[in-house]
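This report concerns only the one structure given below.
The values are calculated or read from the model by the stated rules, or taken from the named source; none is laboratory data. Here the structure is a predicted model, which means the values were calculated and not measured. No Cβ is skipped: glycine too gets one built from the backbone with ideal geometry, and neighbour counts run over all protein chains shown.
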């Protein structure tokens, strides 16, 4: 089993190198055969990496503990779906997963772009770039960090997974996030291909935009899922800690957001050509950097200067990628002139530009804050830590600016806005926001930060609603359809625009959720004997001791509580293989406007007479963040839904008399 | 000829009509730089070991620090009210530092000799009042081989 997997990886490495040479040489000397051979090699690489991945999955499924990686991350007591999830739980397996998903994505792209067209000249270079990345991963997996390392004697049972990972979050967040990071390789490959081929017009732009949207939504969901997982497992009452590992997964997404906006400016007005190339390069570099940080542990602790074995390889690869990309960029720079000028600050173009600047500003601020401890220690021998207060202070105002822009930008016309247009567009949403804030103030929302945050969200919501309503009304007047149909066909005919509006609303939900939970969180602690209660907000929590259960491989302690009469059981789990690492399962009661979040901090005694120590939180609007995640996916699907292609039908009809070629 | 020259100059990136955009971009860049600098100055917390904190003497009092040390075996005491803990941390070259923590979030991993990072202030009596306590998970060395008991 181990040998098979290893052979597949090494084979993939060799074929990837072949594919690069064959594709690049083939396109330079115009040999169709070499190019086709390179493409076939690419398919074969996908097949080999898939085979290696399946080998590892099978090894997990049949408990083949002769593989060190299987032994280290699974045990017989684990449920099967978690055993399969353990595949990507460790460094080597997650790198294999990353390479596997990239090979599949690239195969899909090859398939989708198989038809003749102006983009075909780019494809050999796209293959070369993707194969370079896959070749690097195969090098790592084959020779440096192999998941197929064998143990001399197979142990009877494995160690099992870290207790913190026994959760639904484990089944979905890592695969989504790792896939989100890898998928930026594809739009990057198209950009490099455009530079290499000298085709700097719109061939690469449309394709990079579409695949960029795919990467963007996957990485976005990966981040939201990570927040959701942290929220209900770690028990500190929050969902985003501005941890280095979180930050490096967010940064490529922020740059990607800038990219998918400014690329539209290139599509429409032929502007920002050089800028977009730099943006997608930075997004890719950050995604590689993110993969490296997330999987090598370098930034997890300020003192961790011992790089894991893969560290130097990643840094070398990243350096080569940066140098190579910039070399290509500067080589082609004379051909990257804008087709148009910026006419006015009050225009769609200017909004996109400011959008870019704000997103890049946030990314820079987060990046600097994340690496500052390393820099300070290296340069000044000073150990510091930079925590959430820095990130909130810096990212808050900039993201507030982004939300404001989300409302203004889409309503700006291209080139120049007139004063009448501005009045017409913004009068209603601004009024609506003011009215909404007044209502909220009456309901008790008066904190300045909350007022500002909610006010911006209300304003943007007003602009989106206005767009939908005005659009539907216009269609109704023009076509006579009833309002519902008008709305439907409006969306269907302008999927990018209205899908984009839906995605913006998803961002508003996430923003409002973040503001609400930051400003209005309440918390308290209490130690309760059976029958005693603690009250927070509208909830009265009464303790009834604990209930202890020994399940296979794990000892579970429930705090038996009743909240306003209903049962709630926060838990602590202690796994037999990890006696020093209990894991927390939060007791969560979610309603549309707030979450009651209870953590069993400790207990004294046993059974129904035990005293329980609780940490209790009320987290308002957190469920809006998860709802925003769902809406994010829906909105993106709307924007990417394929347009209806006119059907072709075979028709036979007699030719009329006198037509050429008809004799009778 | 003159027309072509004029056309060229208006298409250049540095034409005067682009001035307002450079200004707008510059304003945003300055705002970011300001936020970052102010943010780092205001919120950076120095990270010390117990020996380093003790070496600072009285100058270290009432300043926000993060201190790391190992939990002294047997020193972890839970408050009788259940809502706080007292313990001591030390490193190889220091005296034990008494720490008191009254927040609700005691890390799951608290145990003898575990590496603890406490964020808070040293008071005038020499006790460190922590607002935040983190415990570093004892990393299972990825290179550890299966022990004899794993085989049957």
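Quick look at the values:
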read-out: Test: residue in region A:511-523 that is within 13 Å of residue A:614 (Cα to Cα), in a strand (DSSP E or B) and touching a strand residue (DSSP E or B) at 6+ places or on another chain (Cβ under 8 Å); value: yes
read-out: Subset of region B:86-114 [within 22 Å of the chain's Cα centre (by Cα), at pLDDT below 85 and within 13 Å of chain A (Cβ to nearest Cβ)]; value: B:102, B:103, B:104, B:105, B:106, B:107, B:108, B:109, B:110, B:111, B:113, B:114
read-out: Test: residue in region A:437-448 that is surrounded by 17 or more Cβ atoms within 10 Å (Cβ to Cβ), in the same structural domain as residue A:504 (by TED's automatic domain parsing) and at pLDDT 90 or above; value: yes
read-out: Subset of region A:54-75 (residues that are farther than 11 Å from residue A:159 by Cβ and either in a loop (DSSP other than H, G, I, E, B) or at pLDDT below 90 (or both)); value: A:62, A:63, A:64, A:66
read-out: Residue check, residue A:619 assigned to a strand (DSSP E or B), farther than 15 Å from residue B:106 by Cα and touching a residue at least 12 places away in the same chain (Cβ under 8 Å); value: yes
read-out: Residue A:322 being surrounded by fewer than 18 Cβ atoms within 10 Å (Cβ to Cβ) and part of a helix (DSSP H, G or I); value: yes
read-out: Filter result for residue A:53 (away from chain B (no Cβ under 14 Å) and within 27 Å of the chain's Cα centre (by Cα)); value: yes
read-out: Residue within region A:646-663 that is at pLDDT 90 or above and either away from chain B (no Cβ under 14 Å) or in a helix (DSSP H, G or I) (or both) present; value: no
read-out: Within region B:43-55, tally of residues that are modelled with pLDDT of 85 or more and either touching a helix residue (DSSP H, G or I) at 6+ places or on another chain (Cβ under 7 Å) or part of a helix (DSSP H, G or I) (or both); value: 6
read-out: Failed condition for residue A:522, given (1) away from chain B (no Cβ under 14 Å); (2) modelled with pLDDT of 90 or more; (3) surrounded by fewer than 21 Cβ atoms within 10 Å (Cβ to Cβ); value: (1)
read-out: Yes/no for residue A:45 being in a helix (DSSP H, G or I) and out of contact with any helix residue (DSSP H, G or I) (no Cβ under 7 Å at 6 or more places or on another chain); value: no
read-out: Residue check, residue A:74 in contact with a helix residue (DSSP H, G or I) (Cβ under 6 Å, 6 or more places away or on another chain), within 14 Å of chain B (Cβ to nearest Cβ) and surrounded by 18 or more Cβ atoms within 10 Å (Cβ to Cβ); value: yes
read-out: Residues within region A:115-165 that are away from every other protein chain (no Cβ under 14 Å) and farther than 30 Å from residue A:193 by Cα, tallied; value: 1
read-out: Qualifying residues in region B:26-77 (those that are free of Cβ contacts under 8 Å to residues at least 12 places away in the same chain and in contact with a strand residue (DSSP E or B) (Cβ under 7 Å, 6 or more places away or on another chain)) - the one nearest to the other protein chains (Cβ to nearest Cβ); value: B:44
read-out: Conditions (1) touching a residue at least 40 places away in the same chain (Cβ under 8 Å); (2) crowded, with 17+ Cβ neighbours inside 10 Å; (3) under 15 Å from residue A:50 (Cβ atoms): number failed by residue A:87; value: (1)
read-out: In region A:235-286, the residues that are out of contact with any helix residue (DSSP H, G or I) (no Cβ under 8 Å at 6 or more places or on another chain), within 14 Å of chain B (Cβ to nearest Cβ) and surrounded by fewer than 24 Cβ atoms within 10 Å (Cβ to Cβ); value: A:236, A:237, A:243, A:270
read-out: The listed residue being touching a helix residue (DSSP H, G or I) at 6+ places or on another chain (Cβ under 6 Å) and either surrounded by 14 or more Cβ atoms within 10 Å (Cβ to Cβ) or not assigned by TED's automatic domain parsing to the domain that holds residue A:510 (or both), out of A:465, A:473, A:487, A:452; value: A:487
read-out: Some residue of region A:217-234 being outside any helix (DSSP H, G or I) and at positive phi; value: no
